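Trainee: Below is a structure I'd like to ask you about.
The values are calculated or read from the model by the stated rules, or taken from the named source; none is laboratory data. No experiment lies behind these values; they were computed from the predicted model shown. All Cβ positions, even for glycine, are placed from backbone atoms using ideal geometry, and neighbour counts span all protein chains on display.
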Amino acid sequence: MAARVAGDPRDLREPTDSTDNYPSLQQDPAMISTSLHLYSEFRLTEEALKELDTSVFEEFVKHTRDEPGCNRADLYRRDDAEDVFMLIAEFENQEALEAHLNADWRHERISNMRTMLEGGLRRFTMQQIT
């Protein structure tokens, strides 16, 4: 049987309104970070993977890093799937994230990359709480 740690989602068998079993959630709200992490995952087409030119992605990451309110941006390639990449970026707040998502340069670059992508772009954001 696999080891479990406190706060393991498999421990959420009974609904509860309490954080008693999750001490990490019992912190001062002022300690909660306002920064947001953006995760964008994409899969390259087979042809794009054969002719892979990472400069396209490097330019995208550089533009993201240069945006006001961007604390960091990095591109990763999955170990178990060489055609899957993930951009992880951290923004100071919601306004900085929205400015990134609405930036003209971003829409232009993504439009130019669409032929390289299998499916599309999966995107979600998370806020750090501990």
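Each row is one residue, and each column tells you yes or no for (1) basic (Lys, Arg); (2) surrounded by 12 or more Cβ atoms within 10 Å (Cβ to Cβ).
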residue	(1), (2)
Leu75	no, yes
Ala89	no, yes
Ser111	no, no
Gly119	no, no
Arg123	yes, yes
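Trainee: Taking region 40-67, which residues are exposed (fewer than 12 other Cβ atoms within 10 Å of the Cβ), among the polar types (S, T, N, Q) and part of a helix (DSSP H, G or I)?
Mentor: Correct list: Ser55 only.
Trainee: Determine if region 68-87 includes at least one residue that is assigned to a helix (DSSP H, G or I) and at pLDDT below 95.
Mentor: No, every residue in region 68-87 fails to be assigned to a helix (DSSP H, G or I) and at pLDDT below 95.
Trainee: Which condition breaks for His37 when tested against (1) within 13 Å of Met113 (Cβ to Cβ); (2) under 13 Å from the mean Cα position of the chain (by Cα)?
Mentor: Among (1) within 13 Å of Met113 (Cβ to Cβ); (2) under 13 Å from the mean Cα position of the chain (by Cα), the lone unmet condition for His37 is (1).
Trainee: Here is a list: Asp28, Asp20, Asp11. Which entry is of a type in the set (Asp, Glu), at pLDDT below 55 and within 16 Å of Gln127 (Cβ to Cβ)?
Mentor: Only one candidate qualifies: Asp28.
Trainee: Could you list, in sequence order, all residues of region 91-130 that are more than 15 Å from Glu41 (Cα to Cα) and in a strand (DSSP E or B)?
Mentor: Phe91, Gln127
Trainee: Give me the residue from region 48-82 that is of a type in the set (A, V, I, L, M) and under 18 Å from the mean Cα position of the chain (by Cα) and, out of that set, farthest from Ala103 (Cα to Cα).
Mentor: Here the answer is Ala81.
Trainee: Between a residue in region 97-115 that is touching a residue at least 12 places away in the same chain (Cβ under 8 Å) and any residue that is of a type in the set (Asp, Glu), which pairs come within a Cβ distance under 6 Å, given they are 6 or more apart or on different chains?
Mentor: His100/Glu67
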